[in-house]
1. So what's the angle, to the nearest 10 degrees on a 0 to 90 scale, between helix 112-128 and the longest Cα principal axis of the chain?
2. Below 27 Å, Cα to Cα, which lysines can Lys3 reach? Residues fewer than 8 away in the same chain don't count.
3. Specify which residue in the list Leu2, Leu116, Cys31 is farthest towards the positive end of the charge dipole of the chain, using unit charges on the beta carbon of Lys, Arg (+1) and Asp, Glu (-1), about the Cα centre.
4. With +1 assigned to the C-beta of every Lys and Arg and -1 to the C-beta of every Asp and Glu, and no other charges, what is the dipole magnitude of segment 22-121 about the Cα centre in debye, to the nearest 20?
5. For Kirkwood radius over Cα pairs in Å, one of (1) 18.8; (2) 19.4; (3) 20.5 was computed from the structure I shared and the rest are decoys. Which label?
6. Contact order normalised by length for the chain, with contacts defined as Cα pairs under 8 Å and 6 or more residues apart; what percent is it?
7. Give the long-range amide H neighbours of Glu108: residues separated by 5 or more places, or on another chain, with amide H under 5 Å away, using H modelled in the peptide plane at 1.01 Å from N.
8. Share of the chain's accessible area from carbon and sulfur, percent, 1.4 Å?
Amino acid sequence: GLKAFLPAYAGAFGAKAPLFSVLPLPLFVVCGIGARIPMLVNTGFIFLSSIYLFRLGRRLFSAEVGLAAVVFYQTMPLVYGLSRVFFPDYGLAALGIVWVYYLMASEELRRKGVCLALGVMLGLGLLMKVTFPAYVAAPLLVILWRRRREPNGPLWPALAMMALAAGAVASTWYAFHLREVFQYAWTAAYGDLGAEYGAGGFRVWAVHLVSRAAGAGYGAGLVGLGAAAWLWRRRLATPGPGLALV
């Protein structure tokens, strides 16, 4: 019942954000208890990431680019593998894609309703993993920099709306576990837990990124096609909005 669920949710997991373990609960009610039932959560994230990645590619370039982005993304080794195991990482990637789409749709944080949606998505991302803001910070900083160079009204109302919405969603759990989260983060960065997570240096990480995450074929394609697009852009007197991103 809801009366028993709410305190259980608020007290769950200590330093681990709880959303990913909450998502299968409706499926357990409908389909029964089983080890494979939670995998249906990833099925939802497959549809969610595909739809919003297509919409993002179509918004920035064209429908053909959006479709190609979905095909490339969903067949990369890391993405393909994570979509078939019950870890929060695939869901995190899906929420990141949705967040970036709404950031682009906000017209540089001018649309209040979209800014509210960004705040809700940020709160949900925090409930999925405490480091979610780090995954979406770079595109937000780019938008903030563009608004700084080309001022079009104050930014603080949009940022305040995002922060309030994110805080309202995330505080349903973080309000009870903030101390544990900070202690865990400190230990993961500077304590024994951080030593166990050591990746062996930048070179090892870069090799794994190409060979195990994107795949050697996609890695080579990205370098080759990226170089060709850059050279093509240099030859054009007035590059289009898509090529401006290259």
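1. 60
2. List returned: Lys16, Lys129.
3. Ranked along the dipole, the leading option is Leu116.
4. For this selection, approximately 160 debye.
5. The value computed from this structure is option (3).
6. Across the chain, relative contact order equals 21 percent.
7. none
8. Summing carbon and sulfur atoms, their accessible area is 70 percent of the total for the chain.
The values are calculated or read from the model by the stated rules, or taken from the named source; none is laboratory data. This one's a predicted model, so the numbers in the text were calculated from it and none came from an experiment. Every residue, glycine as well, gets a Cβ built from its backbone with ideal geometry; the counts of neighbours run over all protein chains shown. With ligands, DNA and RNA removed, areas are computed over all heavy atoms of the protein, side chains included. Shrake-Rupley method; radii C 1.70, N 1.55, O 1.52, S 1.80 Å.
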